[in-house]
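**Student:** Pasting a structure below so you can have a look.
Please treat every number below as a calculation from the coordinates, not as lab data. Here the structure is a predicted model, which is why all the values come from computation and not from measurement. Cβ coordinates were reconstructed from backbone atoms using ideal geometry, including for glycine residues, and neighbour counts include every protein chain displayed.
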Amino acid sequence: MMTTIPLSKRPRLSAAGLAVAAIAGVAFAQAPRPEAARAEAPKETRLERGKSLVEEVSRCQACHTPQLAAGSFDKANWMKGSTLVGIPAKPIEDWHQKAPDITSTSKLWANWKYEGFVAFLSTAKNPRGHKAGPPMPAYTLKAEDAEAMALYLKSLP
Ligand code: HEC
């Protein structure tokens, strides 16, 4: 006989969280926010900090880097943009199947520049004053985190 977990006891996931879980497993759906990384070694440089916030905490690569096989990223195209595999189980309005190139040589960087990226990561608004469409998470990070992350993205060829 199947047991049904009462709705109230089920873990709550946002629509975006569900979508994310649907496309790539739960690996990053519950990734901690960058604040969680604060307890790290004090000696790391801003660039190293940015790298770890981008790659280990936020896992931007999950959507912005093409995958060769499940869990294996195309390192030659790191953060060069990707088509997301899978679609949300339930339709989500304005769902975007493509995540753009966010490296320093991208069109986005040419248009937004460092300041635009910092603003986007700290206010969740792009230079046109809009939020990005799902499943792009809305980041409202502290200035120092947003700056470190933008610095790291700027270092990517
Ligand atoms: C769950 C998948 C996912 C993750 C994780 C993710 N992105 Fe995105 N991102 C997207 C998608 C899809 C878009 C396209 C959305 C759109 O065009 O509105 C996007 C768009 C963007 C854009 C352009 C937004 C615009 O308004 O044109 C930037 C910049 C960006 N992402 C940076 C990042 C950074 C930096 C991280 C990590 C801190 C990150 N993304 C993590 C999926 C993701």
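**Student:** Taking the range 82-93, which residues are more than 9 Å from the ligand (Cβ to nearest atom), assigned to a loop (DSSP other than H, G, I, E, B) and not charged (D, E, K, R)?
**Tutor:** Within the range 82-93, VAL85, GLY86, ILE87, PRO88, ALA89, PRO91, ILE92 qualify.
**Student:** I'd like the residue in the range 50-75 that is of a type in the set (Ser, Thr, Tyr) and under 13 Å from the mean Cα position of the chain (by Cα) and, out of all such residues, is surrounded by the fewest Cβ atoms within 10 Å (Cβ to Cβ).
**Tutor:** Taking the candidates together, the pick is SER52.
**Student:** I'm trying to understand the selection: among the residues of the range 76-112, which are hydroxyl-bearing (Ser, Thr, Tyr) and under 16 Å from the mean Cα position of the chain (by Cα)?
**Tutor:** SER82, THR83, THR103
**Student:** Out of the residues in the range 94-114 meeting the condition of being β-branched (Val, Ile, Thr) and more than 14 Å from ALA62 (Cα to Cα), tell me which one is farthest from the ligand (Cβ to nearest atom). Even if it seems obvious, please write down each step before you answer.
**Tutor:** Here is the first cut: in the range 94-114, the ones β-branched (Val, Ile, Thr) are 102-103, 105.
Add one more test, that the residue is more than 14 Å from ALA62 (Cα to Cα), and what stays is 103, 105.
Working: THR103: 11, THR105: 14 Å.
Among them, the one singled out is THR105.
**Student:** Further question on the same structure: Taking the range 94-152 only, how many residues are assigned to a loop (DSSP other than H, G, I, E, B) and free of Cβ contacts under 8 Å to residues at least 40 places away in the same chain? Step through it out loud before you land on a result.
**Tutor:** Narrowing the range 94-152 to residues assigned to a loop (DSSP other than H, G, I, E, B): 94-97, 100-106, 124-142.
Now drop any that are not free of Cβ contacts under 8 Å to residues at least 40 places away in the same chain, which leaves 97, 100-101, 106, 124-133, 138, 140.
Selection size over the range 94-152: 16.
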